[in-house]
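Notes to accompany the following structure.
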Amino acid sequence: MAEATPTMVFVYGTLKRGFPNHPLLVASATPFVGAASTAGPASLVIGPYSGTHIGVYERRPITVVADGSGEAVQAEAYFAHPSYAEALWRRCGGEAAEIGEYTVDHAGGYVPKSERAAGVAGLIDAVHRFLATAPDN
């Protein structure tokens, strides 16, 4: 019987090496193959991908480029759902908040589930509560 072809996964945000959720990949014995970057700017979602069925995220195709070789590879990324994406963009500073590379400093804003506010009905409720607050100055 032939071996199954492995599925390549492009990770970003807190799943990157050195970031808070990277141990999830390590625990699953997921090997690191190489570094890549998105071919164009992309506002990637910070958070779990499981919210596609409840209107939190939308999965869309993007192109990533392998660092070093420049090889373009098709991938899928999770973006904020269109129902609140523009409000989220404005709330986070609009063009001033767009970044070329997600760093450990950006990950500092990640709030683990165990530390999220009590009384939040779920992830989409947490997003709407965040959008209703004034940005930190």
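Observations on the structure shown:
- A cut-off of 5 Å between modelled amide H atoms, ignoring neighbours fewer than 5 places along the same chain, links Ala36 with Asp67.
- Estimated distance in nm for a label pair at Glu115 and Arg90, the labels positioned 7 Å out from Cα along Cα-to-Cβ: 2.9 nm
- Cβ-Cβ FRET estimate between Thr103 and Phe10, R0 fixed at 25 Å, reported to 0.05: 0.90
- Here each label is just a point 7 Å from Cα along the line to Cβ, and for Arg17 and Asp67 those points are 0.8 nm apart.
- Full extension of the chain segment joining Leu24 with Ala75 gains 16.3 nm, where the gain is 0.36 nm per residue of separation less the Cα-Cα distance.
We did not get these values from a lab; they are worked out from the coordinates using the rules stated. These numbers were taken from a predicted model, which means no experiment stands behind them. Here Cβ is always computed from backbone atoms with ideal geometry, including for glycine, and neighbour counts include all displayed protein chains.
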